[in-house]
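Below is one structure, written out as structure tokens; comments come after it.
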Amino acid sequence: MKFKAILVTLLVIIPFASSYAQKAVFSREYPRMMTSVRAMGMGNAFFGVSDDKYAAFYNPAGLAMNKSVWNVDIIPLSIGANSNMISNATDLGSMFLKGGLNTDTIVKTLDGMMGQYNNISPITFFPAFTYKNWSFGIFVNSYANVLTYNKVMPTVSAKIHADAGAVLTYAHSFLKDKSLHLGVSLMGFYRMGYSATYTAVDIANLDTNGIVSDLLENTGWGILASVGVMYELPWLRKELNARVGLSFNDFGYQYMADGLDKIEPTLNLSLAISPNWEFISSNIVIDFNDLLFMNGTDDSFGKRVNIGAEIGFWNRIFLRTGLHQGYWTAGAGINIWALRINYAYYTEELGAYAGQYSDQRHVIEVVLGWDQLKKQPNSRLID
């Protein structure tokens, strides 16, 4: 009974619109395997940086510019939710404690959430080891969404989705001045998911065993690769570290059961500069994602442009901002010995074009790990 109550509660407050609801109301957000909290604070404009373990999911060539001899993230956990979910969670908890789990309580809860998109995304665990220009990690990544609609008969369309896999990345620098970087990543993953539509009566009489069975049966898997190139412009390298990057991501083989989203291949272009001083570092990036319009069901150029900036002080305190799909983002990070904490606020476009249906989200990452830093010239920041 406790398990049923917990699952029902999660089903009501956790999020994602089913395929039916999404087609009827708006296009889906772009399916991504993984996103970096640091990157989301920068408007997800990260293809021109990609100098950490997340290079595998952005531009693998960026790993050639990582500032650590080695780095290990032992306990890296991130969790995010949209603004609707955060505000509704408190109300739902209070209502549940007062009225218990019954049809009347569920109907009242759904009435208060009518027309809202509630989201928990992502919940990520991504331990990884990086040595110079190599990186290997394993990951578990999940999200869930709920859309409530139909005032006459309150209905919930829910979708839960989870991935588990491993990824290996390698990058190398070429030319005499090491200004040309090439990288490749290889990823294998297993995916499971569940989507359904429920009325209040269905939720009150939920068959949890059936849900677990459907979740375990509705699976897929894939082996994908990404390749990237990044070139530091020689005439602007010393002052601005200006560079241009190009990556082709997520091509390979996938098998997915009905109702599971595939990860589509994308071609991405990035322009970036990183002027650094004695104790200050910075990154300014413009990304043009999915140049071939292969990801998603729309042809909106505005949804595919991201702009971001990051400034760091003493390698300890970081401030970030940007524009993601036309919406402002903000983020911050702090490194205290073996502990790193990153936060990002951003907006995801759920409509067919930028500005149609915005979904505001918050995500926080806490990482326990250690590294050994490379020695850098005084004019460049030591990370």
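The values are calculated or read from the model by the stated rules, or taken from the named source; none is laboratory data. Quantities reported herein were computed from a predicted structural model and do not represent experimental measurements. Please note: Cβ atoms are built from the backbone with ideal geometry, for glycine as well, and neighbour counts cover all protein chains shown. Protein only, heavy atoms only, side chains kept; ligands, DNA and RNA dropped before computing areas. Shrake-Rupley method; radii C 1.70, N 1.55, O 1.52, S 1.80 Å.
Return the residues of the stretch 246-263 that are closer than 29 Å to G62 by Cα and assigned to a loop (DSSP other than H, G, I, E, B); say none if nothing qualifies.
D261, K262, I263
Considering only residues of the stretch 279-300 that are of a type outside the set (D, E, K, R) and in a strand (DSSP E or B), which is least open to solvent (accessible area, probe 1.4 Å)?
Filtering first and then ranking leaves V285.
Consider only pairs whose beta carbons are under 9 Å apart and that are at least six residues apart or on different chains; among these, list those whose first residue lies in the stretch 54-65 and is without any contact (Cβ under 8 Å) to a residue 40 or more places away in the chain and closer than 15 Å to R38 by Cα and whose second residue is surrounded by fewer than 24 Cβ atoms within 10 Å (Cβ to Cβ) and aromatic (F, W, Y).
Qualifying pairs under 9 Å: Y54/F126.
Check K303 against each of (1) within 23 Å of the chain's Cα centre (by Cα); (2) charged (D, E, K, R); (3) open to solvent by 20 Å² or more (accessible area, probe 1.4 Å) and name the one condition it does not meet.
Looking at each condition in turn, K303 falls short on (3).
Is it fair to say M85 is within 30 Å of L246 (Cβ to Cβ) and either assigned to a helix (DSSP H, G or I) or at pLDDT below 95 (or both)?
no
Sort out which residues of the stretch 174-196 are polar (S, T, N, Q) and either within 23 Å of D261 (Cβ to Cβ) or at pLDDT 95 or above (or both), and write them in order of number.
Selection gives S185, S195.
For Y54, all conditions in the list (1) of a type in the set (S, T, Y); (2) modelled with pLDDT of 95 or more; (3) in a loop (DSSP other than H, G, I, E, B) hold save one; what is the number of the exception?
(3)
When the residues of the stretch 336-362 are narrowed to those that are aromatic (F, W, Y) and out of contact with any Phe, Trp or Tyr (no Cβ under 8 Å at 6 or more places or on another chain), which ends up nearest to N295 (Cα to Cα)?
Ranking the qualifying residues of the stretch 336-362, first place goes to Y353.
With (1) touching a residue at least 40 places away in the same chain (Cβ under 8 Å); (2) more than 20 Å from the chain's Cα centre (by Cα); (3) under 16 Å from I311 (Cα atoms) as the list, and S282 as the residue in question, which single condition is left unmet?
It is condition (1) that S282 fails.
Determine which member of the set A344, A352, A272 is in contact with a His (Cβ under 8 Å, 6 or more places away or on another chain) and either of a type in the set (A, V, I, L, M) or part of a loop (DSSP other than H, G, I, E, B) (or both).
Step by step, each of A344, A352, A272 is checked, and only A344 is in contact with a His (Cβ under 8 Å, 6 or more places away or on another chain) and either of a type in the set (A, V, I, L, M) or part of a loop (DSSP other than H, G, I, E, B) (or both).
Condition (residue is at pLDDT 85 or above and small (G, A, S)) applied to the stretch 142-157: is it met by at least one residue?
yes
Scan the stretch 107-117 and tell me whether some residue there is at pLDDT 75 or above, open to solvent by less than 40 Å² (accessible area, probe 1.4 Å) and either on the phi < 0 side of the Ramachandran plot or among the polar types (S, T, N, Q) (or both).
Yes, the stretch 107-117 contains at least one residue that is at pLDDT 75 or above, open to solvent by less than 40 Å² (accessible area, probe 1.4 Å) and either on the phi < 0 side of the Ramachandran plot or among the polar types (S, T, N, Q) (or both).
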